[in-house]
Amino acid sequence: MTGIIAGQLNARNKDAIDWHPKGLVGYGCHAVLAIVDVSTARTIQTLCSHEKAISLIRFGLQESFDDNTVKCASSDISGKVIVWDVLQGKKETSFQRLNDEVIQMHWFTQYGIYSDCLATLYSSNTLVLNNARNGEKFWVLPFSTRIFDFTIDLKDFSNMAFAGTNGSILLLRNVEAHETPVLSDSTLTTFKATDDDNDQLIQLTYHKAYEDLLFAVFSTKVVLVHTDSKQIIATVSTENMFPICRLLPCGERDAFYLVHANGVLSFWRARLHEHRDRYNAELTYEQTCYNDAQRFFSKNRVFGAQICPVTESNAVLLFHSGKLVFYQLNHNDQISLTPYRAQNLTDITSFDYSGDDQLCFTQQSLLPSLGANSTTVRIRPIEGIQSSPNQFAGKQLAAIGCSTGCIQFVDVFTGKLEKELNIHNCAVKCLEWVGPDMIISAAYSSSVSAHGSVRNDIFLTNVLTGARKRFRPEGDESPVQLLRVSYYRRYLAISFRNDPLEIWDMKAHRLLRRMSRKCPIIVDMAWSTKHVTKKTAEGETPQLVRENLVVLDNDNHLYHVIVKGLHVKDGKEVNTQWKSGSAPIRCMTWKDDLLAFGDVNGYLRIWDLSKRTFNQINSPSMTGPVLRCVFSRLSGDSTIAVQYAKGVVLFDAVCLQPTPHMLATSSSLLDIDMFGVIPVCISSEGICRFAATTDRNNGIAEKSVPKVLSNDFIKKAYALATSPESTTIEDEDDTEGLAYFKQRFANEPDLTKREASIAKLIGNLPTLSFLHAANSSISGEKCLPLTMVRFWHRDAYRKYAENLTKILLGTCKTTEQLDYAVERAVVLGKLGWAKYGLLNTDVVMPPESYRIHAFKSCLFNAEVEAEEPRCFIKMVATNLIAQNQLNDGIVLLFLIDQGMDACRFLASNGRWAQALQYAKMAPSTEKFTAEAEQLLSRWADHLHTNGRVLKTHAAMIYASLGQTDKAFDLVSAPAHEHSCFKAIPSTA
């Protein structure tokens, strides 16, 4: 049991959702963090420590190859940030800036591996980097301009992008954890992503596949920006009339998902259009498919969306009602759904730009939520549920009435919504169980008459079939206030706000008695569970002939009403043991010989009829009036739950002592009931809560922990990869589709690829990347995932770089952008592209710039093969670099085939990423390739000497170079001992 069943979301819960690689989705429901297992579409954990609505959620990253912890950071609208250990249900640390709301936060990742720092952007335009282990601040960076959003480049954690006013983007470079960033012209640049000053950026996110690409999302369009050149290279406009809510970029393909406010989820793929007669190209994104959710969710607003970071073919939409809808991207001709994590985006889409993929969205699962604004709750009676021969046999259900008129039936043990019945067309005011399979409920719409008359709807409903029957005729009358079913379900007492009490025969649906007009206003009433008599004739079924009802009025008077057969006697006032003038009583309940009352001063009064004693007690931790009290239904148990405005306290009615069980909430409670000795309540947030233990947050039960987090399952999965034929799969172990992989591995001879598939199955992304990097050097595999573009083979990387350079040449708007594109063309050895770009551009430039470009064109057309001009050009290039004219010097060095010297200059200036890019972009020679690998190895040495944080990324570099022993030394994982690296041979 999770202790909480989520309902409709708070308006500030928008975008508070994230997806963990281990197959967990976390989202905020008011002040509660809910964790959902995607495989079973079931809530497995709920965490409470926030006092305000949660506004952001970010799962932590995996910190090592065998790390199975799940870390999550959540922030609320008060600015409080809590870092959780989700599996243990423990709060690791928390920190807060008073009166400063967190508007965005990201883990300060170091090459997407380690998550020890959390970067938070506050409403005061301040960026703070905190230590996620103890909450201490590393540094605080204030901005002088308004900032709405920010994101971190996962390819280079030292780069950040910020969304400013009027569609402006601020790019911050050289961000380090140990030193406060400096906002100078060399580190901070600003440019506009739109010409319309009224356009406001709603999201910034870096491209997950390629480097130096940033998506800027507006309400009606998406702009793709190349951050190095500050150049817009693609613009995507949608035909949907509803605004864009979220863009979800993919890493395995040059693609993204778009989510609109009306629930439309669409998939967009990149297309490259090359111009045969020109040296440029155009990049566009085309909509491949979309769901038809607008027909089903036309009245629902999307509050958040995410895609699975592992498969990227699974998406979830979070609606304001609290529902989670999971979708799977499939081929059009695919007949059935594949198990979650068995099918990836790479399995259903082509690698190149020209692929014509016929795709569609299929709803995979649905996690419903409680209805809007729950009003009342009642627990199914224990008697008879085991013998009931139906789908609800043995299930302990809670019937929850909603403001929309529907009644939902939730299994209290699992939190699963078993059934939903639309019974009324207005808010359910009260309901009661009539046996294990029947309920009676009352509702009325708001009064429209001057006298306060309404039309009451009271229906008797069969829970199994959904068949309902009007219990009493409707008419203009006072609103129904209470329904009370007698202990043996023979009689029903109905009280109204102003009209007299009615007693009905439940079996015959007949009114037995309507009290006189002198009947006082009823506050509460209760049927006896003990003082009943039965009359049994020989050979006949025992018939109930008498039950007792106690009625409490608004003057603290008690009346005893006897119902005998079909006769109802006038209520007689009972001599109470409290003094006149005592505090008004708000509620009452009756069990055996104990009558319990709750007053407006918070006291619980216990009247023991057998001992003729009267006592009272109050809670030291709760204040305010007692709103409702209810006894446990367990035989011989005297536990009573007492509802206050902000919590529930359990008392022992015999010992007159509060028990350790207490449930406190930050919102107002509307109603409670008892499930055994566990109180079940609903709050004004629309959340159903129940407290099984005294701890507020608990670890996930062992049977509820996802399989991919179990060490036994992980070992069995890798054993399947190693020996598919000899590994047996039991049905109970196949919740993650191991049988599907066993069948798939029968046709896959490559052990490394089988192990990579298992790494993906269990969401182990560091291991997956390591295996891909090692396999590329062992087998010469050239087609690595797009997320590992840095490790691509030189030929593949040059092809990608050529396409990007063509796009840059075709979208230049300024001389700076043109110079950058020309530089890339020279590095690629494409001097014809450079000359064409310089002389045939549409860029408007001053005469001085045009003159310089003309001279550059002449230089690119000159013969520089002789020794003398090459030496002279190298001397000039060296002087330019010494004068901090690095880019011009780099161009001249590549012009004379001294590209490796240029890359060394870049590396010595700390520009390792650009040095490695240019080393792979340059025309290949055997000598150049060897020197480029040496440069890459030097970078790995530089990384791992800067602390253990970067060792994993350095290990991947060594693995891609074939230096596997050196890689294993860094991660402390010998290949012969680590189960997931058996396919990687030693280089010793």
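A few remarks follow.
- Count - residues of segment 872-930 that are out of contact with any Leu (no Cβ under 9 Å at 6 or more places or on another chain), of a type in the set (S, T, N, Q) and open to solvent by 80 Å² or more (accessible area, probe 1.4 Å): 5
- Scanning segment 6-22 for residues that are over 11 Å from the mean Cα position of the chain (by Cα) and within 19 Å of N314 (Cβ to Cβ) gives P21, K22.
- Taking the criterion of being within 21 Å of D357 (Cα to Cα), in a strand (DSSP E or B) and of a type outside the set (A, V, I, L, M, F, W, C), the residues of segment 303-334 that qualify are N314, Y327, Q328, N330, H331.
- Within segment 49-75, the set of residues being touching a residue at least 60 places away in the same chain (Cβ under 8 Å) and open to solvent by less than 10 Å² (accessible area, probe 1.4 Å) comprises G60, V70.
- Considering (1) part of a strand (DSSP E or B); (2) at pLDDT 85 or above; (3) polar (S, T, N, Q), the lone condition that S635 does not fulfil carries the number (1).
- Residue count for segment 729-755, restricted to those that are assigned to a helix (DSSP H, G or I), at pLDDT below 80 and acidic (D, E): 5.
Residue-by-condition table, conditions (1) within 28 Å of the chain's Cα centre (by Cα); (2) not hydroxyl-bearing (S, T, Y):
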| residue | (1), (2) |
| --- | --- |
| F143 | no, yes |
| K155 | yes, yes |
| S158 | yes, no |
| E179 | no, yes |
| V182 | no, yes |
| T187 | no, no |
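- Considering residues of segment 259-277 that are open to solvent by 30 Å² or more (accessible area, probe 1.4 Å) and farther than 14 Å from N803 by Cβ only, the residue modelled with the lowest pLDDT: D277
- Residues in segment 6-29 that are under 21 Å from H106 (Cα atoms), open to solvent by 10 Å² or more (accessible area, probe 1.4 Å) and in a loop (DSSP other than H, G, I, E, B): K14, D15, P21.
- Restricting T238, T311 to those that are open to solvent by 10 Å² or more (accessible area, probe 1.4 Å) and touching a Leu at 6+ places or on another chain (Cβ under 9 Å) reduces the list to T238.
- Some residue of segment 31-54 being assigned to a strand (DSSP E or B) and over 19 Å from N697 (Cα atoms): no
- Only one of the numbered conditions (1) touching a His at 6+ places or on another chain (Cβ under 8 Å); (2) touching a residue at least 60 places away in the same chain (Cβ under 8 Å) is violated by D457, and that is (2).
- Checked against the criteria, M875 counts as farther than 22 Å from L818 by Cα and either over 46 Å from the mean Cα position of the chain (by Cα) or at pLDDT below 90 (or both).
- Search result, residues across segment 466-487 that are within 18 Å of H560 (Cα to Cα) and among the aromatic types (F, W, Y): Y487
- Count of segment 611-649 residues which are among the aromatic types (F, W, Y), over 36 Å from the mean Cα position of the chain (by Cα) and crowded, with 16+ Cβ neighbours inside 10 Å: 1
- Restricting segment 231-276 to residues that are β-branched (V, I, T) and within 27 Å of the chain's Cα centre (by Cα), the residue that is farthest from D153 (Cα to Cα) is V264.
So that you can scan it fast, the table gives a plain yes or no per residue for (1) over 22 Å from F597 (Cβ atoms); (2) open to solvent by less than 60 Å² (accessible area, probe 1.4 Å); (3) modelled with pLDDT under 90; (4) out of contact with any Lys or Arg (no Cβ under 8 Å at 6 or more places or on another chain):
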| position | (1), (2), (3), (4) |
| --- | --- |
| K469 | yes, no, no, yes |
| Y487 | no, no, yes, yes |
| R510 | yes, no, no, yes |
| S516 | yes, no, yes, yes |
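- Search result, residues across segment 205-230 that are open to solvent by less than 10 Å² (accessible area, probe 1.4 Å) and among the aromatic types (F, W, Y): F215, F218
- Of the criteria (1) in a loop (DSSP other than H, G, I, E, B); (2) at pLDDT 85 or above, which one N697 fails: (2)
- Check on V648, under 23 Å from F675 (Cβ atoms) and in a strand (DSSP E or B): yes
- From the list L337, L258, the lone residue that is free of Cβ contacts under 8 Å to residues at least 60 places away in the same chain, within 30 Å of H772 (Cα to Cα) and not in a loop (DSSP other than H, G, I, E, B) is L258.
- Conditions (1) open to solvent by 60 Å² or more (accessible area, probe 1.4 Å); (2) more than 32 Å from the chain's Cα centre (by Cα); number of the one not met by Q391: (2)
- Any hit, segment 335-346, residues being over 28 Å from A717 (Cβ atoms) and in the same structural domain as K14 (by the TED database): no
- Selection within segment 175-204: residues that are in contact (Cβ under 8 Å) with a residue 40 or more places away in the chain, open to solvent by 20 Å² or more (accessible area, probe 1.4 Å) and not aliphatic (A, V, I, L, M). The member of this set that is nearest to A261 (Cα to Cα) is Q200.
- Condition met for T194 (in the same structural domain as S229 (by the TED database), over 15 Å from L129 (Cα atoms), of a type in the set (S, T, Y) and not in a loop (DSSP other than H, G, I, E, B)): no
- A Cβ distance below 8 Å, combined with a sequence gap of six or more or placement on separate chains, defines the contacts here; from segment 828-856, residues that are open to solvent by less than 40 Å² (accessible area, probe 1.4 Å) reach residues that are among the aromatic types (F, W, Y) in the pairs G832/Y279; W833/Y279; A834/F860; G837/Y279; L838/F860.
- T284 being within 14 Å of V223 (Cα to Cα) and either part of a strand (DSSP E or B) or open to solvent by 10 Å² or more (accessible area, probe 1.4 Å) (or both): yes
- Restricting S266, S237, S313 to residues that are small (G, A, S) and within 24 Å of R790 (Cα to Cα) narrows the list to S313.
- Pairs with Cβ under 7 Å, 6+ apart, first in segment 654-667 and buried (at least 16 other Cβ atoms within 10 Å of the Cβ), second among the aromatic types (F, W, Y) and modelled with pLDDT of 85 or more: P658/F651
- In segment 416-459, residue farthest from W527 (Cα to Cα) [restricted to those that are open to solvent by less than 50 Å² (accessible area, probe 1.4 Å), over 38 Å from the mean Cα position of the chain (by Cα) and not polar (S, T, N, Q)]: G452
The values are calculated or read from the model by the stated rules, or taken from the named source; none is laboratory data. Just so we're clear, the structure is a prediction, and the values are computed from it rather than from any experiment. Glycine also receives a Cβ, built like all others from the backbone with ideal geometry; neighbour counts cover every protein chain displayed. Areas reflect the complete protein model, heavy atoms only, side chains present, ligands, DNA and RNA absent. Shrake-Rupley method; radii C 1.70, N 1.55, O 1.52, S 1.80 Å.
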